[in-house]
1. Please give the length that would be gained between F279 and H141 if that part of the chain were fully extended, namely 0.36 nm times their separation in residues minus their C-alpha to C-alpha distance (nm, one decimal).
2. Using 21 Å as the Cα-Cα cut-off, could you pick out the over-long pairs in K74/K644; K271/K427; K81/K201; K74/K271; K81/K236?
3. Taking amide H atoms as placed 1.01 Å from N in the peptide plane, list the residues 5 or more away in sequence, or in a different chain, whose amide H sits under 5 Å from that of I638.
4. Go ahead and run the numbers for FRET between S631 and K509, Cβ-Cβ distance against an R0 of 35 Å, rounding to 0.05.
5. Applying 1/(1 + (r/R0)^6) with R0 = 45 Å to the Cβ-Cβ distance of L651 and I312, what FRET efficiency is obtained, to the nearest 0.05?
6. At 0.36 nm per residue, minus the direct Cα-Cα distance, what do A574 and E611 gain on full extension? Give it in nm, one decimal, please.
7. Modelling each spin label as a point 7 Å along the Cα-to-Cβ direction, I'd like the T380/A12 distance in nm, to one decimal.
8. D649 accessible area, nearest 10 Å², 1.4 Å probe?
Amino acid sequence: MELFEFILLMLAAVSLSNLVNRFIPSVSVPIIQIVLGMLITLLPLHYELKFNPELFLLLFIAPLLFNDGRHADKEALWKLKRPILLLALGLVFLTVAVIGYFLNWLLPVIPLAASFALAAALAPTDAVAVGALEQKVKIPHQTMQILEGESLINDASGLVSFQFAVAAMVTGAFSFKSASISFISISLGGVVLGFLLTLVKYGLVKWLRRLGMENVTLHMLIEILTPFVIFMAAEKLGVNGILAVVAAGIAHSFGYKKMNPEVAKLRVVSKSTWSVIIFVLNGLVFLLLGTQLLDIIQSIWNSAEIGNFKVIMYTLLLTSAVLGLRLIWALLMDVSEGIKPRGPWRPRFKKALILSLSGVRGTITLASTLSLPFFLNDGTAFPARDLIIFLAAGVILWTLLASNYLLPLLLGKETQTEQEEKEIQAKIEILRNVVTGLNELTTDQNRLATAQIINTYTSRIRTLSKDEKKDKVQRSLSLSVLKWERENTLVALQKKEVNPYTAYRYLNKINQMLFMHTRDAQYKKELFPVKQWIKVFGKLQQVRLSIRERRAELTRLRIQNITYVIQQLNALLAEGEPDMESVSSLILQYERALLHLTRDESDTGTRQEFEISMQELARVGIQLERDNIQSMFETGRISRQGMKEMKRDILFMEHDLREETS
């Protein structure tokens, strides 16, 4: 029970981190998650988390790398293979060698093999952490492609190097020659096994489909289990499980070519499911760092071997060495291909600096160091384990802070380029064209269904063009509607067109709503806003209506009020109200309510006809949207990427529509 409560608390903290980031956008999500993890340890919990390093590697590394492989941009990987391989392989091995010796020289308390292990853990970059920065800064597209390709390959190369260094530390034996041969053999073995097991998995899926088992849940469960099964199989066979899951992920990226309803449905479910899994795993890793950090800090702080100020300076020196080595490597390999600098070195240096600061350390570094064994083969404690984790955490924090605050200085803080702003306007225009097309198809028979569908499109338009001024206009419009209903009810009561009892109850509700929104005392005091309330009260004693009669009276009053509100809204529309979308949306809502109140309830099949009409119009709207997207793309109003995103959203809507009709 305590473990379950702890897991729920961690999941709640992952969600909270994104909420906090919404109010503090200047601080990246991983930093917030680390702080929340530290706060969790201060709570009076009765559960103490104990790490199993091997299980940690399996639970976090396997699915994360598998997902990276699945989403690898194969064209970009091939096109940018030179800089990606130089960073993912050359820089990783250089980092292990240089930083390993540097760390052992800086801190002799850490053995050389353990220093190489920490250097190997620090070698991989984390494109996920950098991706969060795109909300604040616009990292050049090619640089982002290099970072994504690099993180996919250097995760594997860094972790393999890390495992060799840890093995050397644990066993106390290391041979460069045998390690090189072993590295090549188990690496190739892992890659081959990953591809082979992927083929086996596809064969199993094909066999299940031949049996008629097209259950999406079953196939999704198989997909989720795939990285764990492949990783465990690779470890059992003595080959590298990390490279096996990366190879399997890349092999999966070639799948889903056959188009049929089952595969399309699985693709939609797979995308949503994996997005949740990766979101949770990335968040949990940083939260777990936070939960471990206070104890590690305390043990380091209480250590007599290293002073508090010194250990912080060591993290800064180590961070500077890692980023400085990356900067020098980027300049030497000349990743700025195709750029003809006006000056001798400044543009090239700036691009290399951006690439260096974008090399944030994150999930893989953290997961690696947390997976360090507690004991060596001879039973003694792993030397300086807490210090190694502290140094790794320090480098992660410093690189996060450097990219969080220095990159905006190089790239600017603007989150939306002019092209993106144009695309938003193009999207709004597309949706308005759909609304116009649906209005042209409106008849007396489908008016109610058309109003319902159009309202969904106007809501999307308001979401895209939302700003504070429009929010105030919408609130003001809602208050005006309530006041119009109150005004019309008083007029109807004065003309004796409505029963006083019905009017009293209706006005009381309106006054309560007006007071809730305005806090105007007049609405609170004016429980029954009729001057001759004594006279009316006398009439109430004489009038005794049945429940059926009360409902009929209330319906009649609502019809009168809705008709009056629609007249007022149409008048605003004719005057050229600035927020036309909000006014049109309210008109549609009230027209829909009016049709509901005035239709013949005894007409059997009306509801079914309404649903059928809704589905037909929804399909028409989707097709109109698709046509407008294609037209906008052909005229250059939206980019290819924007077109893909919008068409993907349409596929999701079509999937939901099929689910409703099935």
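The values are calculated or read from the model by the stated rules, or taken from the named source; none is laboratory data. Because the structure is a prediction, the values reported are computed rather than measured. All Cβ positions, even for glycine, are placed from backbone atoms using ideal geometry, and neighbour counts span all protein chains on display. Keep in mind that these areas ignore ligands, DNA and RNA; they rest on the heavy atoms of the full protein, side chains included. Shrake-Rupley method; radii C 1.70, N 1.55, O 1.52, S 1.80 Å.
1. Using 0.36 nm per residue and subtracting the Cα-Cα distance, I get 47.4 nm.
2. Over 21 Å Cα-Cα: K271/K427; K81/K201; K81/K236.
3. HN-HN under 5 Å from I638: F633.
4. For R0 = 35 Å, the calculated efficiency reads 0.15.
5. 0.35
6. Stretched out fully, the A574 to E611 stretch lengthens by 10.1 nm.
7. 4.5 nm
8. Estimated to the nearest 10 Å², D649 gives 70 Å².
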